[in-house]
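Peer 1: This is the structure I want to talk about, given as structure tokens.
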Number of protein chains: 2
Amino acid sequence: MSERLFASYWLETPLDPAAAAAAMAGEQSTGTFVAVPGETPEIHERHAARVEHIRPLAAVDAPPLPGARGGSATERPRYNRAEVELSWPIENLGPSLTTLMATIAGNLFELSQLSGLRLRDIRLPPAFAAAYPGPQFGVAGTRRLAGVEEDRPLIGTIIKPSVGLSPAATAALVRELCEAGIDFIKDDELQADGPHCPFDARVEAVMAVINEHAERTGKKVMFAFNVTGELDAMLRHHDTVLAHGGTCIMVSLLACGPVGFVALRRHAALPIHAHRNGWGYLSRHPALGFDYVAWQKLWRLAGADHMHVNGMVNKFSEDDASVIRSAKACLSPMFAPPARGYEVMPVFSSGQWAGTAFPTFAALGSIDLIFAAGGGIVAHPDGPRAGVASIRQAWAAAQAGERLEDAARTYPELARAVAAFG
Amino acid sequence: MSERLFASYWLETPLDPAAAAAAMAGEQSTGTFVAVPGETPEIHERHAARVEHIRPLAAVDAPPLPGARGGSATERPRYNRAEVELSWPIENLGPSLTTLMATIAGNLFELSQLSGLRLRDIRLPPAFAAAYPGPQFGVAGTRRLAGVEEDRPLIGTIIKPSVGLSPAATAALVRELCEAGIDFIKDDELQADGPHCPFDARVEAVMAVINEHAERTGKKVMFAFNVTGELDAMLRHHDTVLAHGGTCIMVSLLACGPVGFVALRRHAALPIHAHRNGWGYLSRHPALGFDYVAWQKLWRLAGADHMHVNGMVNKFSEDDASVIRSAKACLSPMFAPPARGYEVMPVFSSGQWAGTAFPTFAALGSIDLIFAAGGGIVAHPDGPRAGVASIRQAWAAAQAGERLEDAARTYPELARAVAAFG
């Protein structure tokens, strides 16, 4: 085999970046801290990771992360920044998602040769596409199941309060949201199978409402039931949702992990709504962890259909440019033809309301997304129906190139949303 | 139910720490960014997370993490640091490891009210011990299977080079290590089931050597085979190791994730050696992510038997005090009687050799550990047998209160190790 996989990093080091990159390549393929007898030239030739290129960036005086060693002992140390790409022969690991993670993101972030390391992107050979089925529904399958024509995003919301509602109270809220014209509803990630709202009872109560509404109106609202839990329960809960006519399940990616997720995907007959709660601990410091562009590819390979990307003007610390970069990554192919591209539907949420539709469409240039608003719908001063209407109005106006201020003069629900949340 | 679970954090905020802690409690229980109709006083009373206490620390001028908002608009902002403890009623989630993770470490690290957040420790009610079986072997079971009496640590090593050896070449190295008197050997985390060293062939070749050695000498060396992969393969590989008389399996925790790990644990009849590769991205910045004291409890609950803690004077960026804090945490009970304590065996590795036994014993005050040396054994100038001998000598001397320099005068293998690695 001659296929290789590639990972690009931003790094900072008190050493020459070439020396730091070489240490990374050694640590993650054939090396240890002293030469060992078995590391023959043949093994090195066949299996060593390769430094593909190094692009130096500006150096700085103070390192972002503690614990780096090396560099000049006499002068004040300088910390050199660079973009680096490494590659590995696929023969080292085979097309394994788990060994891939140990290889590209294992014992690297602790290296004392580094004072900063961020995985920016990965490129995988087609063998990975052959080994992992990827998203089963993606954008088109989700639109079909949700019955939303391709002229607007799916408009969604979250069950709030996150915890405390009984199955009956959840179903009552779902009824109100169905009547309001919603396309998509999700459980909160804090709500899975807790004692006050058991999973099976919640599915039964919620699906009775959704099915009754579908029979009456022809529109089956998509509800993402949070199945995150032990694997047996996740598979059973998936089957329960399917048996009740449900059309989506939700998983908290970091609480589940890749192995459980892939096992669920191989069993699933429903789209998997992937929630990234905890993402902040992987990304909040810019000199450590993961860019979303790299990280989301791992989960698309594992089979996610919807990936959370935060929202524009959100309540968290992430800026808008980063949110849009994430969403565009979700909509971009991760394999070249003839392999499928494994595109997934980005989910915009956190502090969303009608007004944030405008910058979202302007920056993304696509309507293939789930636009999820919590308070922006249920706390609309005229109720959830007006909340949903305001968001539909906002997207129609944004797609038509109108400005929020002008559209608000046309649509009363949008005007009231601006008054409440603007 | 009135049981609560507790999580303690170090935080930094441009706000009053009490306001930041309240935002955390709201985000992770009943709140959203605007009040919603369903958040009744009854739900708040029963389900809201509680701020248990706040201990202010010194404030600073510059925040460690970007993206924080709030604080004074006119004066230069100050960033207030504090230790905070939150608690939740178990009724919010039930004794679920995955919902626990979404609750204590979900959408928190991105909050714009914070400029730093670190999960320091957790305390779980006994309901979790009833729901999860925890370590199946721990310290005593591992000693029994490895045949190492309780007068010294297990002395271990890692197959190196990490990648490139065929099953036959791996087995040849294992034969040399068995002859050298090793107690424990592990696969490298980069080696799982790659095309040049398939899992089944490796187990067959390695266990033939280990079994032959055991029949001849009465000592069965413990080999931790890296089963990390898809769940079906992990279970099958576990069974293969068991069928060949093997006594341990290894899992890369972050590549596997909690759900796959618990599923494996519930199936397993062998100790699970838990590898923490990738831990750096969760911990390298002191103002973000996890203290190991908190993190290792999640994996002990999930059923790990051995937990990697890095090593003293290691090749990574972590300092010795942190390593010892981690190891002591592994050996400390995480539940009070009558529940079991779920103690696990800490694994010291990374740059270890005979000399590092002395500071390790001095700081830890225990011999209940796996002391794993790669180059420190196989690169000993007189070969692996001398490498293992030097480490046994070092531990005997350290336990007897001798100093390295004095012991090196007694033991020639130790003296040669000092000359090579000291």
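The values are calculated or read from the model by the stated rules, or taken from the named source; none is laboratory data. Note that the structure is a prediction, hence the values are computed from the model and not measured. All Cβ positions, glycine included, derive from the backbone under ideal geometry; neighbour counts span all protein chains shown. Please note that ligands, DNA and RNA were not included when accessible areas were found on the heavy atoms of the full protein model with its side chains. Shrake-Rupley method; radii C 1.70, N 1.55, O 1.52, S 1.80 Å.
Peer 1: Calculate how steeply helix B:412-421 sits against the longest principal axis of the alpha-carbon atoms of chain B, using the helix alpha-carbon long axis, and give the answer as 0 to 90 degrees to the nearest 10.
Peer 2: 50
Peer 1: For chain B, find the longest principal axis of its Cα atoms and tell me its angle to the long axis of helix B:199-217, 0 to 90°, nearest 10.
Peer 2: So the helix axis and the longest Cα principal axis differ by about 50 degrees.
Peer 1: Between A:Ile185 and residues 5 or more places away or on another chain, which pairs have amide H atoms under 5 Å apart, with H built 1.01 Å from N, and which residues are they?
Peer 2: Excluding prolines and chain starts, which carry no amide H, the hits are A:Thr157, A:Met222, A:Phe223, A:Ala224.
Peer 1: Calculate the spin-label point distance for B:Ala168 paired with B:Asp200, positioning each point 7 Å from the Cα along the beta-carbon direction, and give it in nanometres.
Peer 2: Between B:Asp200 and B:Ala168, the label points sit 1.9 nm apart.
Peer 1: Which whole-Hz couplings ³J(HN,Hα) result when phi for each residue of the stretch B:107-117 is put into the Karplus expression 6.51 cos²θ - 1.76 cosθ + 1.60, θ = phi - 60°, listed in order with x for Gly and Pro?
Peer 2: Working through the residues one at a time gives 6, 10, 6, 8, 4, 6, 6, 10, 10, x, 8 Hz.
Peer 1: Students often check this: by mean Cβ neighbours within 10 Å, which of B:257-268, A:57-68 ranks highest, and how do the rest follow? List each step's numbers first, then the result.
Peer 2: On the way: B:257-268: 23.6, A:57-68: 14.7.
Order by mean packing, descending: B:257-268, A:57-68.
Peer 1: Any idea what the B:Asp16 label distances to the other copies are, label 7 Å down the Cα→Cβ vector, nm, shortest first?
Peer 2: 5.7
Peer 1: Further, regarding this structure: With a 1.4 Å probe, what is the total accessible area buried between chains A and B, in Å² rounded to the nearest 100? Walk me through the intermediate numbers first.
Peer 2: Numbers: alone 17680 and 17680 Å², together 27850 Å².
Between A and B, the summed buried area is about 7500 Å².
Peer 1: On to the next question. I'd like the carbon and sulfur percentage of the solvent accessible area for chain B, probe radius 1.4 Å, heavy atoms only, ligands and nucleic acids excluded.
Peer 2: Taking all protein chains in place, chain B shows 53 percent carbon and sulfur surface.
Peer 1: When Lys and Arg each count +1 and Asp and Glu each count -1, what net charge do the other residues less than 13 Å away from A:Arg152, Cβ to Cβ, add up to? Present the calculation step by step, with values, prior to reporting the outcome.
Peer 2: Working: positive: A:Arg143, A:Arg392; negative: A:Glu149, A:Glu150, A:Asp151, A:Asp183, A:Asp368.
Charge balance near A:Arg152 sits at -3.
Peer 1: For A:371-380, what's the mean count of beta carbons from other chains sitting within 10 Å of each residue's beta carbon?
Peer 2: Working: counts 0, 0, 0, 4, 6, 3, 1, 5, 6, 1.
Per residue, the number of nearby Cβ atoms from other chains is 3 on average.
Peer 1: Kindly provide the helix-only [θ] at 222 nm of chain A, computed as the sum of -39,500 (n - 2.57) over DSSP H runs of four or more divided by all residues, to the nearest 500 deg cm²/dmol?
Peer 2: Using -39500 (n - 2.57) per qualifying helix, the result is -12000 deg cm²/dmol.
Peer 1: Using the Kirkwood radius built from alpha carbon pairs, what does the Stokes-Einstein equation give as D for the protein assembly as shown at 20 °C and 1.002 mPa s, in µm² per second? If you can, show how the numbers build up before the last one.
Peer 2: Values: Rh = 27.8 Å.
It diffuses with D of about 77 µm²/s by this estimate.
Peer 1: While we're on this one: What are the residues whose amide H is under 5 Å from the amide H of A:Asn107, where those residues sit 5 or more places off or on another chain and H is modelled from the backbone?
Peer 2: For A:Asn107, the qualifying residues are B:Gly278.
Peer 1: How far, in nm, would the chain grow between A:Phe6 and A:Asp151 when pulled straight, counting 0.36 nm per residue and subtracting the alpha carbon separation?
Peer 2: 48.5 nm
Peer 1: Sorting check: for A:212-218, B:23-29, B:295-301, which peptide has the highest mean count of neighbouring beta carbons within 10 Å, and how do the rest follow?
Peer 2: On the way: A:212-218: 12.3, B:23-29: 22.1, B:295-301: 23.9.
Per-residue Cβ counts within 10 Å, averaged per peptide and sorted highest first, yield B:295-301, B:23-29, A:212-218.
Peer 1: Per residue, what accessible area does chain A have, given a 1.4 Å probe and all protein chains present, in Å²? Could you put the intermediate results ahead of the total?
Peer 2: Working: 13930 Å² over 422 residues.
Value returned for chain A: 33 Å² of accessible area per residue.
Peer 1: Okay, next question. Output the direction-averaged projected area (hull surface divided by four) of the convex hull of the alpha-carbon atoms of the stretch B:125-242, in nm².
Peer 2: Values: hull surface 35.5 nm².
Orientation-averaged projected area of the Cα hull: 8.9 nm².
Peer 1: Averaging over every viewing direction, what projected area does the convex hull of the Cα atoms of the stretch A:42-111 cover, in nm²? Intermediate values should be presented prior to the final figure.
Peer 2: On the way: hull surface 26.1 nm².
Averaged projected area of the stretch A:42-111's Cα convex hull equals 6.5 nm².
Peer 1: Using a 10 Å cut-off around each Cβ of peptide B:88-97, what is the average number of partner chain Cβ atoms that fall inside?
Peer 2: On the way: counts 2, 4, 2, 6, 9, 8, 8, 1, 8, 4.
Per residue, the number of nearby Cβ atoms from other chains is 5 on average.
Peer 1: Additional query: In the calculated pair distance distribution of the stretch B:351-390, what percentage of Cα-Cα distances lie above 11 Å?
Peer 2: Values: 489 of 780 pairs.
In whole percent, the share of Cα-Cα pairs in the stretch B:351-390 beyond 11 Å is 63.
Peer 1: So for the stretch A:122-253, averaging the separation of alpha carbon pairs under 8 Å that are six or more residues apart and normalising by length, what relative contact order in percent results?
Peer 2: On the way: 173 pairs, mean separation 31.3, N = 132.
Relative contact order, the stretch A:122-253: 24 percent.
Peer 1: Further question: Please list the equivalent ellipsoid semi-axes of chain B, computed as the square roots of five times the alpha-carbon gyration tensor eigenvalues, in descending order and whole angstrom. Walk me through the numbers before you get to the answer.
Peer 2: On the way: eigenvalues 372, 126, 68 Å².
Taking √(5λ) for each Cα gyration eigenvalue gives 43, 25, 18 Å.
Peer 1: How crowded by other chains is B:310-320, given as the mean number of beta carbons from other chains within 10 Å of each beta carbon?
Peer 2: 4
Peer 1: Shifting gears a bit: Taking a cut-off of 18 Å between Cα atoms, list the lysines near A:Lys315, but don't count ones fewer than 8 places away on the same chain.
Peer 2: The qualifying lysines are A:Lys160.
Peer 1: Same structure again: How large is the Kirkwood hydrodynamic radius of the stretch A:97-167, counting all unique pairs of alpha carbons, in Å?
Peer 2: Values: mean 1/r = 0.0578 Å⁻¹.
Final number for the Kirkwood radius of the stretch A:97-167 is 17.3 Å.
Peer 1: Right, something else. With a 10 Å radius around each residue's Cβ, average the other Cβ atoms per peptide and rank B:365-376, B:336-347, A:3-14, highest first.
Peer 2: Values: B:365-376: 23.2, B:336-347: 18.8, A:3-14: 21.6.
Going from most to least packed, we get B:365-376, A:3-14, B:336-347.
Peer 1: Around B:Gly278, with a cut-off of 15 angstrom between Cβ atoms, what is the net charge of the other residues, counting Lys and Arg +1 and Asp and Glu -1? Walk me through the numbers on the way to the answer.
Peer 2: Numbers: positive: A:Arg118, B:Arg276, B:Arg284; negative: A:Glu27, A:Glu110, B:Asp188, B:Glu189, B:Glu318.
The answer is -2.
Peer 1: Further question: Do any residues of the stretch B:148-163 show a loss of at least 10 square angstrom of accessible area between the isolated chain and the full protein assembly, using a 1.4 Å probe, and if so which?
Peer 2: B:Lys160, B:Pro161, B:Ser162, B:Val163
Peer 1: Placing the label point 7 Å from Cα along the Cα-to-Cβ direction, what are the distances from A:Glu150 to the equivalent spots in the other copies, shortest first, in nm to one decimal?
Peer 2: Distances between equivalent label points, in nm: 7.0.
Peer 1: At B:Arg120 and A:Asp382, where each label point lies 7 Å from the Cα along Cα→Cβ, what is the point-to-point distance in nanometres?
Peer 2: Taking the simple label geometry, B:Arg120 and A:Asp382 are separated by 5.1 nm.
Peer 1: OK, next. Skipping prolines and chain starts, which residues have an amide H placed within reach, meaning under 5 Å, of the one on B:Glu52, given they are 5 or more residues away or on another chain?
Peer 2: B:Glu85, B:Leu86, B:Ser87
Peer 1: Shape verdict for the stretch A:339-413, please, from the Cα gyration tensor: rounded (a/c under 1.5), prolate (a/b greater than b/c) or oblate. Don't skip to the answer; put the middle values down first.
Peer 2: Working: a/c = 2.71, a/b = 1.49, b/c = 1.82.
Taking the square roots of the gyration eigenvalues as a ≥ b ≥ c, the stretch A:339-413 is oblate.
Peer 1: Grab the residue from chain A whose Cβ hugs the A-to-B rotation axis most tightly, plus its distance in whole angstrom.
Peer 2: Residue and rounded Å distance to the axis: A:Gly257, 0.
Peer 1: Round to the nearest 10 and give me the degree value, 0 to 90, for the angle of helix A:292-302's Cα axis relative to the longest principal axis of chain A.
Peer 2: For helix A:292-302, the angle is close to 80 degrees.
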